[in-house]
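The values are calculated or read from the model by the stated rules, or taken from the named source; none is laboratory data. In this text, all values refer to a predicted model and were calculated from it rather than measured experimentally. A quick note on method: Cβ atoms are made from the backbone with ideal geometry, for glycine too, and the neighbour counts reach across all protein chains shown.
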């Protein structure tokens, strides 16, 4: 009996090990793509706003080797403002997080991976219009992508900005979305996020948005959504 018990225990250990190894692979269907969120897209709610429906797929934590996260890409702004002395102050540009390739040994950025249909990328292209798609599959340290791409949005060169530019601001609501996403992850994930994100001296604004403004194409997504609460479509 003891022999069979040991054999059973060995089988359980082997099975657990096999499952753990299998968990390192993400197998995509022919119409699927992995989408990497490293800023506001780490939030399931933010993901749902762009999709136009609640996201119900897998959410996987990953590390991207050879990159640093920083506020160095900015969107021309005519939508977001801050009240100052009874007047609306519109920053010329609004900065968002970006991934920059670095040569520092051991550099890595943690992020979240979602799985969407290829046809849904159009919504993200509209949202991330100052970025371009980049396949990061070969840079993922702890996840093997099988059968497709792992897309991250990287800032276009013409929209990159440098520290010290006084025309650039960071929206508080954007930072709040990121903090909300981090609060849903482990303390270690949040710690790694802060370690892999460069600090910025850009001004922060307590932002409001013009009612008719739709800089990220959310209105189009909201109009096609079925059964999704309107509050999901708050500003990015």
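Could you tell me which residue of the range 186-214 is surrounded by the most Cβ atoms within 10 Å (Cβ to Cβ), considering only residues that are in contact with a strand residue (DSSP E or B) (Cβ under 7 Å, 6 or more places away or on another chain) and over 23 Å from residue 164 (Cα atoms)?
Initially, the range 186-214 is screened for residues in contact with a strand residue (DSSP E or B) (Cβ under 7 Å, 6 or more places away or on another chain), giving 189, 192-193, 196-198, 200, 202-209.
Narrowing further to those that are over 23 Å from residue 164 (Cα atoms): 189, 192-193, 208-209.
On the way: 189: 16, 192: 18, 193: 21, 208: 15, 209: 16.
The residue in question is 193.
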Item to check | Test: residue in the range 182-200 that is over 14 Å from the mean Cα position of the chain (by Cα), under 30 Å from residue 85 (Cβ atoms), modelled with pLDDT of 95 or more and in a helix (DSSP H, G or I) | outcome: no
Checklist entry - Is there a residue being in contact with a strand residue (DSSP E or B) (Cβ under 7 Å, 6 or more places away or on another chain) and either over 30 Å from residue 27 (Cα atoms) or part of a loop (DSSP other than H, G, I, E, B) (or both) anywhere in the range 108-127? => result no
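Among the residues of the range 151-162, write down those that are assigned to a strand (DSSP E or B), within 17 Å of the chain's Cα centre (by Cα) and either without any contact (Cβ under 8 Å) to a residue 12 or more places away in the chain or farther than 14 Å from residue 33 by Cα (or both).
154, 155
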Checklist outcome for this item: Checked 118, 162, 70, 103 against criteria (buried (at least 18 other Cβ atoms within 10 Å of the Cβ) and out of contact with any helix residue (DSSP H, G or I) (no Cβ under 8 Å at 6 or more places or on another chain)); the one match is 70
Checklist entry - Of all the residues that make up the range 142-162, how many are over 25 Å from residue 24 (Cα atoms) and touching a strand residue (DSSP E or B) at 6+ places or on another chain (Cβ under 8 Å)? => result 6
Checklist entry - What do you reckon, is residue 165 at pLDDT 95 or above, within 20 Å of residue 93 (Cβ to Cβ) and in a helix (DSSP H, G or I)? => result no
Item to check | Enumeration of residues in the range 81-100 that are surrounded by fewer than 20 Cβ atoms within 10 Å (Cβ to Cβ) and either more than 22 Å from residue 212 (Cβ to Cβ) or under 15 Å from the mean Cα position of the chain (by Cα) (or both) | outcome: 85, 100
Checklist entry - Any chance the range 129-140 includes a residue that's surrounded by fewer than 20 Cβ atoms within 10 Å (Cβ to Cβ), in a helix (DSSP H, G or I) and either touching a residue at least 24 places away in the same chain (Cβ under 8 Å) or touching a strand residue (DSSP E or B) at 6+ places or on another chain (Cβ under 7 Å) (or both)? => result yes
Checklist entry - Quick one: is residue 148 part of a loop (DSSP other than H, G, I, E, B), at pLDDT 95 or above and either in contact with a helix residue (DSSP H, G or I) (Cβ under 7 Å, 6 or more places away or on another chain) or crowded, with 17+ Cβ neighbours inside 10 Å (or both)? => result yes
Checklist entry - Looking at the range 41-63, is at least one residue within 30 Å of residue 167 (Cβ to Cβ), assigned to a strand (DSSP E or B) and at pLDDT 95 or above? => result no
